[in-house]
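Visitor: Below you'll find the structure I mean.
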Amino acid sequence: MTAQRLDGRKLAKTIENDLAPKVAALTREIGRPPRLVVVLVGDVAASASYVKSKAAAAKRVGITADVFSIQESTTTAELVSTVEAIGRDEHGPADGILVQLPLPDHVDARAVLDAVPPDRDVDGFHPVNAGLLSQGRPHFIPCTAAGVQKMLLDAGVKTRGKHAVIVGRSDIVGKPLALLLASRGPGGDATVSVCHSHTSNLKEVTQQADILIAAVGIPQLITADMVKPGAVVIDVGINRISDGGTSRLVGDVDYDPVADVAEAVSPVPGGVGPLTVAMLLENTFSAAKERKKRSFMAE
Ligand code: NAD
């Protein structure tokens, strides 16, 4: 079997094309483009590159993206106060605020993320948004989890009654995705298992998956023998490996052999990554729209 390749780039383009006219209409209504403020700390090359692609995508749909670059040596207190000031619009209207992760080890990332006002938390990492998602009334959904669900919906993959196995239990991917897939309604109603570094017999669990999602950060952790024939496999992992002197990006899934047994597989690059960015744009647009509604009601 050669699996269907789940093309995240193509779907992200469609999402952008749908979003651009809506952003243009909102821009006319509020007299300025929606604005995303990104806080980037230090000079980690991968983070800078993610921020660059987020800003470029924002520009393509008509959203302004401004990046606050902050020195690595900053403290938790300084960062919290910067994020709070951005949240009070002291640096211009900030419809959406995103703190690029990871933060340096000496910074309390939790404290910084908690400083983002929940109604501008376009990454969906604030405890209020995490809580709303867990109660089945989501507001801002973490972008990667939302992107995976979008990919499944777009490909017509039935989730209802299926066994979805997620490998990885992080707050930003694994946990929110588990909540989404187990939630009621389209793209949900699955029976969800969450595996992690202490799962014994990982292969025994993954072999039971109708839908297998890898969000670990270990190159080619998921091999063909771990996949049930006909399963749908989504690869969230992004790993840079050196290959004969050159470096390239790979996911957590051993793509070619897995594609021989699976029904559909998402590639890396070009799978979940572009959808994560597309979901960020959707969240930013929603944040700006909600803000307009709030200011209208306050008048
Ligand atoms: P994380 O390090 O916070 O979490 C990794 C998870 O994997 C943990 O829950 C851990 O328990 C689990 N794990 C580690 N070793 C394991 C093993 N041997 N078997 C089973 N589980 C194991 O990572 P994260 O932030 O969730 O990111 C995971 C991967 O997804 C990374 O490669 C990251 O770069 C990538 N990522 C991609 C996107 C995207 O847009 N495509 C977005 C976020 C993260």
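Visitor: Straight-line reach from residue 293: which lysines fall under 22 Å, measuring Cα to Cα and dropping same-chain residues less than 8 apart?
Guide: Cα-Cα hits under 22 Å: 22.
Visitor: Give the span of the chain's Cα atoms along each principal axis, as three whole-Å numbers ordered largest to smallest.
Guide: Over the chain, Cα extents along the principal axes are 58, 41, 34 Å.
Visitor: Hey, another quick one. Return the long-range amide H neighbours of residue 122 (sequence gap of 5 or more, or a different chain), with a cut-off of under 5 Å between placed amide H atoms.
Guide: HN-HN under 5 Å from residue 122: 97.
Visitor: Further question on the same structure: Determine how large the accessible area of residue 296 is when every protein chain is in place; take a 1.4 Å probe and give Å² rounded to the nearest 10.
Guide: Solvent-accessible area, nearest 10 Å²: 140 Å².
Visitor: So, one more: How many nm is it between the label spots at residue 295 and residue 153, if each spot is 7 Å from the Cα in line with the beta carbon?
Guide: Output for this residue pair reads 2.8 nm.
Visitor: 5 Å is the cut-off here: which amide hydrogens, built 1.01 Å from N in the peptide plane, fall below it relative to residue 65, excluding neighbours closer than 5 in sequence?
Guide: It is 36, by chain and number.
The values are calculated or read from the model by the stated rules, or taken from the named source; none is laboratory data. Model, not experiment: these values are computed from the prediction. For neighbour counting, all protein chains shown are included, and Cβ atoms are generated from backbone atoms with ideal geometry for every residue, glycine included. Please note that ligands, DNA and RNA were not included when accessible areas were found on the heavy atoms of the full protein model with its side chains. Shrake-Rupley method; radii C 1.70, N 1.55, O 1.52, S 1.80 Å.
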